[in-house]
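Mind looking over this structure? Questions follow.
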Amino acid sequence: MVARLLLFRCLALSALILATPAQAALPPPLPLAEYGSLPDIERIALSNDGQRIAAVMTIGGERVVILLTDKLETIRMMKLQDAKVRSLEWAGNDNALLVISRTETLGPDFVQSQNEFYNAFILPADGKVEQRMVFDRDPDMLNAVFGTYGIRQIDGRWKAYFGGVQRKKGAREYYLGNTGVSLYEIDVATGKSQQIAASGSMGEGTGRLLGPDGQLAATVAIDIRTGFWTIKAPGSIDLASGIAEKGEIGIVGLGRDGDTLIYSTKPHGEDARIWYEVPLDGHAAATEYINADEIESTYFDRNTGKLIGLLREDGHDHPAFFDAAKQKAVDEIYKAFPRLRINLADWSPDFSHVLVRTSGPSDSGTWYLVDIVHMSAHAIGYEREAIGPEYVGPISIYHYKAQDGLDLDGVLTLPPGLEAKNLPLVMLPHGGPHAHDTDVFDWWAQAFASRGYAVFQPNFRGSTNRDLAFMEAGFGQWGKAMQTDVSDAIGALAEKGIVDPKRACIVGASYGGYAALAGVTLQHGVYRCAVAVAGVADVGMLFNSERYDNGRTGLLRRSLEEEFGPRSDFDAISPRKHAKDADAPILLIHGKDDTVVPFEQTTAMVNALKDAGKPYELVVLDGEDHWLSRAATRLQMLEAAVAFVERNNPAD
């Protein structure tokens with residue numbers, strides 16, 4: 001079974017060209033399970049020497065984390081069931097680290113009744129050695145981790161660093177006091193832990209940076225009332241300070257030599273976020289490093305934390321690494337996959353082996369192990385084996401203008417084998433709202449395309465695919481310009497004859513769910529139906545729940561008011577308050593374990609629609625979180641959404 005899912009084929013790197021086959025005829029559609037289930041391969045990590053692989057995948061219907069040799073021979077396997085995997089990496093060559101999460105409902109004494117708790121596991125490659133959960137055997141510690149801070153090799157021993165919470169011992173049992181999160185070093189071979197940095201002061205939000213030597217290099221603390229922040233090195237050495245009225249301060253990481261710190265902030269009165277670099281010894285002031293809007297991604301050495309490369313937002317399609325040998329390897333990799341989106345997922349520290357994930361036209365997601373020394377690439381796995389090139393609908397970036405003249409773009413996915421003419425449309429705005437969509441294989445978009453729909457994913461103002469000014473143009477525009485940016489794409493696509501503007505539905509999750517609800521309540525005559533997954537129905541409710549769950553601080557209040565606009569406008573931009581104006585059927589889908597958008601948002605919308613006598617349907621996803629992390633409920637969502645759209649906006 002592993003061999004079937006991880007088909008091993010060797011391709012000469014210099015000759016590897018993936019061409020898009022001609023879309024001659026629409027193939028019979030695949031079952032929606034091929035799109036809506038979790039992918040056959042969710043993630044892969046590479047050991048330091050490039051000789052071992054760790055993967056989260058589904059084999060024979062069972063979800064597992066598996067350790068393999070580079071020849072795909074099984075070393076160890078652990079069943080995952082419905083565990084929500086958050087990270088997977090190697091500490092050296094002999095142990096993999098897996099972080100999963102679970103949603104827990106806490107008692108009435110806690111501010112937030114539902115919380116996401118994280119557990120870290122050490123998985124030895126030696127199958128005779130028992131796997132261990134971090135902090136599980138220490139009665140003084142809560143058996144959960146609160147942040148991951150890196151991996152280091154110290155005196156020949158591999159150490160992992162996690163945030164942890166210490167329990168207090170009462171007369172009869174342990175309990176949680178008012179303790180904060182401290183930084184702990186875990187010996188990966190033995191599981192033993194020791195504290196290396198205590199928790200921060202109450203009333204502060206605290207971040208930490210680990211040095212190459214496994215010691216605390218710096219902390220950033222922000223007063224959550226005033227926004228005053230400081231960055232200090234051990235010994236209370238002041239490195240930098242300032243005011244971030246809405247919390248715009250964060251550590252980027254270590255500099256390229258490991259003796260400096262790079263942080264990001266938005267100086268008062270500036271229109272951009274700036275990265276600054278400051279020596280960790282405190283002997284020099286911070287200097288401007290780069291405009292953060294110019295950077296799309298960063299690359300760090302996983303064993304030292306040093307910055308090794310950047311992907312810039314300047315039209316270049318691949319990263320720039322500081323080391324010439326690494327850059328040469330990256331250039332060769334990008335030449336080998338000229339028409340695809342490439343993600344450098346993992347690599348050995350010497351860059352002799354690189355894990356590459358590709359996606360895009362004709363590719364539903366493929367993982368390659370690239371051997372730089374021998375200049376070869378092995379396809380070691382397919383994310384959706386059943387979705388071959390003939391089933392992947394064409395993907396492209398489509399440019400259009402908003403009604404106020406602002407230049408916008410989005411991702412257009414077309415049905416495989418169909419002419420792009422007068423098609424029914426599914427509008428699929430992203431969540432966030434500060435996120436963006438790119439021209440990669442998207443399981444949700446492709447599922448609708450497989451049923452004969454054109455799918456458009458607009459990058460409306462507020463998205464993060466451009467500079468800070470474009471993102472901030474979305475502030476205060478919920479239900480306003482952000483909403484019309486979405487619908488303006490319909491006219492642009494119709495003008496080119498691609499879609500029928502009278503046959504459009506809007507579907508989205510999180511903020512996209514808000515946009516779906518707003519599309520048929522705040523707007524009229526635009527969409528034939530709306531599907532809102534974990535959508536925001538009442539902005540005032542969200543404002544209040546965010547402040548309650550995260551503390552009623554001036555910092556948070558200012559940030560939320562900037563995002564949503566003045567509180568006097570909340571009713572005007574809340575779909576719940578306009579349920580009586582809904583002019584199309586609405587499907588609401590929501591997970592009961594959502595800790596981001598409370599389930600009460602959907603129940604409030606349901607009650608408002610019911611009172612107004614408007615048509616709606618409700619699907620409750622038991623045990624599902626905000627991110628659709630579980631296979632069964634993700635598929636339940638997709639099947640319900642597609643069926644609803646097909647009933648209300650049939651394809652040809």
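Rounded if a/c is under 1.5, else prolate if a/b is larger than b/c, else oblate: which is region 499-652, with a ≥ b ≥ c the root eigenvalues of its Cα gyration tensor? Could you put the intermediate results ahead of the total?
Numbers: a/c = 2.03, a/b = 1.35, b/c = 1.51.
Oblate shape, in that a/c is at least 1.5 and b/c is the bigger or equal ratio.
Got a sec? How would ILE589, ILE290 order by Cβ neighbour count within 10 Å, fewest to most?
By the 10 Å Cβ count, ascending, the order reads ILE290, ILE589.
OK, next. Select from the chain the helices, each a whole stretch of DSSP H, whose alpha-carbon atoms run 24 Å or more along the helix axis and whose Kyte-Doolittle mean is at least 0.0; answer none if there are none.
Answer set is 631-648.
Set the bar at 22 Å for Cα to Cα. Now go through LYS502/LYS610; LYS128/LYS192; LYS401/LYS502; LYS577/LYS610 and name every pair that lies beyond it.
Correct reply: LYS502/LYS610.
Please compute the length gained on full extension between ILE290 and THR74, using 0.36 nm multiplied by the number of residues separating them and subtracting their Cα-Cα distance. Please list the in-between numbers first.
Numbers: separation 216, 0.36 × 216 = 77.76 nm, distance 4.48 nm.
Taking ILE290 through THR74 to full extension adds about 73.3 nm, to one decimal.
Oh, and also: Here are a few candidate values for Cα Rg over 2.2 N^0.38 Å: [x] 0.89; [y] 0.97; [z] 1.06. Which one was actually calculated from the structure I just gave you?
Here the calculated entry is [y].
If you average the alpha carbon positions of region 410-440 and of region 30-76, how far apart do those two centres end up, in angstrom?
28
While we're here: Can you tell me the alpha carbon radius of gyration of region 393-648 divided by the globular rule-of-thumb value 2.2 N^0.38 Å?
The reported ratio for this selection is 0.95.
Would you mind ranking LYS610, LYS84, LYS159 by Cβ crowding within 10 Å, fewest neighbours first?
Numbers: LYS610 12, LYS84 18, LYS159 22.
Result, fewest neighbours first: LYS610, LYS84, LYS159.
If you place +1 on the Cβ of every Lys and Arg and -1 on the Cβ of every Asp and Glu, how big does the dipole about the Cα centre of the chain come out, in debye to the nearest 20?
Once rounded to the nearest 20, the dipole reads 1160 debye.
Applying a 10 Å radius around every beta-carbon, put 274-286, 501-513, 459-471 in order of their mean neighbour count, most first.
501-513, 459-471, 274-286
Right, something else. Shape of region 262-337 from its Cα gyration tensor (a ≥ b ≥ c, root eigenvalues): rounded if a/c is under 1.5, otherwise prolate when a/b > b/c, or oblate?
Taking the square roots of the gyration eigenvalues as a ≥ b ≥ c, region 262-337 is oblate.
Can you spot the lysines whose alpha carbon is less than 18 Å from LYS592's alpha carbon? Ignore those fewer than 8 places along the same chain.
Excluding near neighbours in sequence, the set is LYS84.
Quick one: in region 319-380, what % of C-alpha pairs are over 18 Å apart?
Cα-Cα pairs in region 319-380 separated by more than 18 Å: 27 percent.
I've got another one for you. Roughly what would the spin-label model give for LYS128 and GLN327, points 7 Å off Cα along C-beta, in nm?
4.8
How would you classify region 449-553 from its alpha-carbon gyration tensor, with a ≥ b ≥ c the square roots of the eigenvalues: rounded for a/c under 1.5, else prolate if a/b is greater than b/c, otherwise oblate?
Prolate is the answer for region 449-553, as a/c is 1.5 or above and a/b outweighs b/c.
Under a straight-distance cross-link criterion of Cα-Cα below 18 Å, which lysines are reachable from LYS306, leaving out those fewer than 8 residues away in the same chain?
LYS159, LYS326
Treating only the Cβ of Lys, Arg, Asp and Glu as charged (+1, +1, -1, -1), what charge dipole size does region 393-648 show about its Cα centre? Round to the nearest 20 debye.
460
Are there trypsin sites (Lys or Arg not before Pro) in region 24-78 that DSSP puts in a loop and that have at most 16 other Cβ atoms within 10 Å, and which ones?
Those satisfying the criteria are LYS71.
Return a whole-number percent for the relative contact order of the chain, with Cα pairs under 8 Å and 6 or more residues apart as the contact set.
About 11 percent, as a whole number.
Read-outs: derived from the displayed coordinates by stated rules, not from any lab. Everything numeric here is computed off the predicted structure, so don't read it as measured data. We place every Cβ from the backbone using ideal geometry, glycine too, and count neighbours over all the protein chains shown.
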